[in-house]
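Below: one structure, written as structure tokens.
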Amino acid sequence: MTAQSGAPETAPLLEMRGVVKRFPGVVALAGVDLDVRPGEVHCLLGQNGAGKSTLIKVLAGVHQPDEGEIVWEGRPVRFAHPQAAMDAGVATMYQELDLVPGLTVAENIMLGHELSSFGFSQRRATRERAVKLLTQLGHSDISPTIEVGRLSAAGQQIVSMARALSRDVKVMVMDEPSAVLDSGEVDQLFSVVRELTAAGVAVIYISHRLEEIREVGDRVTILKDGKTVATGLDARSTPKTELIKLMTGRTIEYAFPPRKAPDRRAEPMLTVEGLSRDGEFHDVSFEVHPGEVVGIAGLVGAGRSEILETIFGARRADSGTIVVEGKKLANGSVPSAVSAGVGLCPEERKSQALVLGHSVANNISLASFPEFANVGFIDRGSELKSSQQHADSLELRPRNLEREMRTLSGGNQQKVVLARWLQHGSRILLLDEPTRGVDVGARSEIYGLIQQLSDDGCAVVVVSSEIPEVLGLSDRVLVLADGAVLHDGPADELDEHKVLDIILKGEAA
């Protein structure tokens with residue numbers, strides 16, 4: 001284990017020493033050491049499955065360590081439950097947001113420590129407190145009275161931040177806080193982080209975006225296979241290649257596989273013509289040919305996800321047509337799209353694509369149950385054999401398909417969604433943020449899978465918040481702003497600066 005520090009030596013606010021956590025059949029943490037100082041941003045890195053989420057849940061009082069200790073402000077402590085950790089000053093923003101969709105923004109922000117007088121809720125004070133926190137985050141545009149379930153994924157992330165900030169915080173844990181934010185929102189997030197650390201609050205920052213670590217971090221701890229492999233690394237001076245090698249145990253070129261030019265003389269597999277939804281996007285038209293990857297670049301809120309969901313039939317278009325291999329799809333009909341060979345990997349895979357309490361095999365075969373039905377019963381043997389075949393083709397890990405879906409890492413969960421559509425025979429794949437929350441090793445594998453799918457003749461549409469990812473994966477790119485396509489052209493004629501210039505100018509190139 002290596003150690004290096006670029007931050008001034010001060011007494012740690014938090015120390016986690018030799019932390020071990022076991023679950024049935026798996027050791028999630030096998031001896032983790034972490035120390036966090038007041039007023040620093042301590043970045044926690046590691047591949048999916050390295051133990052990061054388990055570690056922060058131990059800190060937050062969700063899990064109890066089987067071995068090791070937590071030292072808080074110089075004294076050993078045991079957070080027997082989440083409320084004990086919150087009372088001590090630990091605030092946690094989980095990657096899987098713990099919001100209540102049916103409650104308002106203000107109610108969610110103050111949930112668990114509601115403002116009340118003589119047993120009655122102080123609604124006005126609650127709303128005022130919510131507005132103050134949202135304004136601090138640069139989002140005074142979010143109404144405190146709207147139901148959280150009506151907000152976008154980015155809006156819900158902002159509410160989760162406000163909720164964490166609503167308490168008296170000494171350590172703020174942020175798990176992938178920028179995953180669904182656009183560049184302006186990320187800048188505002190970093191501004192809030194700096195305000196917190198200037199006030200002496202320690203921030204534990206978890207992200208797969210290594211460029212963010214250098215910008216916002218002070219020190220870095222890296223986990224691999226449930227163990228600390230490096231701690232105290234200087235966030236600004238440690239080379240990215242060294243961080244990747246420590247995380248993966250090998251050197252990974254953070255590069256995209258070479259693309260073969262698709263045959264655009266062939267008939268398009270997917271044709272979108274004049275597609276519009278009031279208030280979301282308008283007059284969107286494009287084609288995707290066999291073996292072609294078309295990327296959609298734009299800021300959060302530009303209408304990217306909404307376009308994919310409308311093609312898939314999860315939203316009803318107000319105008320326009322969608323044609324798959326010469327056949328027009330029924331408007332707003334998921335069965336029509338699926339039967340035509342269209343598959344969607346949504347942005348929120350855990351809530352929109354997966355049944356976390358069911359087995360991996362069940363999740364893979366979810367779109368193909370009729371194929372395994374026999375007089376009303378599922379032929380489990382056939383289901384498992386077919387699922388295993390597609391899981392093997394995507395190098396899904398672990399290989400045991402009887403495991404609960406929730407136990408897989410983010411990268412392998414994404415592979416399960418892809419395996420589902422391959423099993424169903426889908427030839428048109430709509431991928432919304434395919435590498436969100438995925439570590440650099442699994443990210444490279446997913447890039448390779450997308451390349452493999454297009455080489456096999458699939459038509460692929462990719463949406464990503466990371467402009468270099470869109471450009472690196474795609475043959476052609478649509479640049480989207482405020483629901484309108486401003487540019488449609490070859491990916492190799494664009495770079496990140498040109499894309500941002502088109503978006504910010506708000507005019508066609």
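The values are calculated or read from the model by the stated rules, or taken from the named source; none is laboratory data. Keep in mind that this is a model prediction, so the values were computed, not measured. Positions of Cβ are generated from backbone atoms using ideal geometry, with glycine treated the same way; all protein chains shown enter the neighbour counts.
Things worth noting here:
- Residues in region 255-274 that are over 28 Å from the mean Cα position of the chain (by Cα) and in a loop (DSSP other than H, G, I, E, B): Lys260, Ala261, Pro262, Asp263, Arg264, Arg265, Ala266, Glu267, Pro268, Met269.
- The C-beta contact set for region 191-202 (first residue touching a residue at least 24 places away in the same chain (Cβ under 8 Å), second residue charged (D, E, K, R), distance under 7 angstrom, 6+ apart or interchain) comprises Thr197/Glu40; Val201/Lys170; Ala202/Arg37; Ala202/Glu40; Ala202/Lys170.
- Residues (crowded, with 17+ Cβ neighbours inside 10 Å and small (Gly, Ala, Ser)) located in region 277-313: Gly291, Gly295, Ala297, Gly298, Gly301, Ala302, Gly303, Ser305, Gly313
- Residues (within 16 Å of Met247 (Cα to Cα) and not aliphatic (A, V, I, L, M)) located in region 43-73: Cys43, Gly46, Gln47, Asn48, Gly49, Gly51, Lys52, Ser53
- In region 161-208, the residues that are at pLDDT below 80 and farther than 25 Å from Asp482 by Cα: His208
- Helices (runs of 4 or more DSSP H) lying entirely in region 355-467 (those with 3 or more residues that are outside the structural domain of Val499 (by TED's automatic domain parsing) and over 29 Å from Asp175 (Cβ atoms)): 380-393, 410-424, 440-455
- Tally, over region 275-285, of residues that are at negative phi and assigned to a strand (DSSP E or B): 7
- Test: Leu223 is within 23 Å of Pro434 (Cα to Cα) and in contact with a helix residue (DSSP H, G or I) (Cβ under 9 Å, 6 or more places away or on another chain): no
- The residues of region 138-158 that are within 28 Å of Leu59 (Cβ to Cβ) and either under 19 Å from the mean Cα position of the chain (by Cα) or without any contact (Cβ under 8 Å) to a residue 12 or more places away in the chain (or both), listed by number, are Val148, Leu151, Ala153, Ala154, Gly155, Gln156, Gln157, Ile158.
- Filter result for Ala314 (in a loop (DSSP other than H, G, I, E, B) and under 12 Å from Arg420 (Cα atoms)): no
- Any hit, region 57-66, residues being under 30 Å from Thr435 (Cα atoms) and crowded, with 23+ Cβ neighbours inside 10 Å: yes
- Boolean, Val323 is among the β-branched types (Val, Ile, Thr), crowded, with 20+ Cβ neighbours inside 10 Å and touching an Asp or Glu at 6+ places or on another chain (Cβ under 9 Å): no
Yes/no matrix, rows are residues, columns are (1) part of a helix (DSSP H, G or I); (2) closer than 23 Å to Arg194 by Cβ; (3) in contact (Cβ under 8 Å) with a residue 12 or more places away in the chain; (4) of a type outside the set (Ser, Thr, Tyr):
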{"position": "Pro12", "(1), (2), (3), (4)": "no, yes, yes, yes"}
{"position": "Gly39", "(1), (2), (3), (4)": "no, yes, yes, yes"}
{"position": "Gln64", "(1), (2), (3), (4)": "no, no, yes, yes"}
{"position": "Ile70", "(1), (2), (3), (4)": "no, no, yes, yes"}
{"position": "Ala80", "(1), (2), (3), (4)": "no, no, yes, yes"}
{"position": "Ala84", "(1), (2), (3), (4)": "yes, no, yes, yes"}
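- Test: residue in region 206-216 that is touching a Pro at 6+ places or on another chain (Cβ under 9 Å) and either not assigned by TED's automatic domain parsing to the domain that holds Val32 or not acidic (Asp, Glu) (or both): yes
- Region 109-130 - residue that is touching a helix residue (DSSP H, G or I) at 6+ places or on another chain (Cβ under 6 Å) and of a type outside the set (Gly, Ala, Ser) and, of those, modelled with the lowest pLDDT: Leu115
- Among the residues of region 86-104, not one is touching a Leu at 6+ places or on another chain (Cβ under 8 Å) and in a helix (DSSP H, G or I).
- Here is the figure for region 440-487: residues that are polar (S, T, N, Q) and over 29 Å from Gly249 (Cβ atoms) total 2.
- The condition of being surrounded by fewer than 19 Cβ atoms within 10 Å (Cβ to Cβ), under 21 Å from Glu466 (Cβ atoms), out of contact with any Phe, Trp or Tyr (no Cβ under 9 Å at 6 or more places or on another chain) and of a type in the set (Lys, Arg) does not hold for Lys328.
- Conditions (1) under 24 Å from Thr435 (Cα atoms); (2) assigned by TED's automatic domain parsing to the domain that holds Pro177: number failed by Val294: (2)
- Residue that is assigned by TED's automatic domain parsing to the domain that holds Glu73, touching a strand residue (DSSP E or B) at 6+ places or on another chain (Cβ under 8 Å) and in contact (Cβ under 8 Å) with a residue 40 or more places away in the chain, where the choices are Met161, Met174: Met174
- Looking only at residues in region 99-116 that are farther than 20 Å from Asp141 by Cβ and small (Gly, Ala, Ser), the one that is surrounded by the most Cβ atoms within 10 Å (Cβ to Cβ) is Ser116.
- Of all residues in region 468-480, those being outside any helix (DSSP H, G or I) and either aromatic (Phe, Trp, Tyr) or more than 16 Å from Ser285 (Cβ to Cβ) (or both) number 2.
- Those residues of region 481-497 which are part of a strand (DSSP E or B) and in contact (Cβ under 8 Å) with a residue 40 or more places away in the chain, in sequence order: Ala481, Ala484, Val485, Asp488
- Val19 closer than 18 Å to Leu243 by Cβ, modelled with pLDDT of 95 or more and in a strand (DSSP E or B): no
- Selected residue (criterion: modelled with the lowest pLDDT) from residues of region 282-322 that are of a type in the set (Val, Ile, Thr) and over 21 Å from Leu453 (Cβ atoms): Val300
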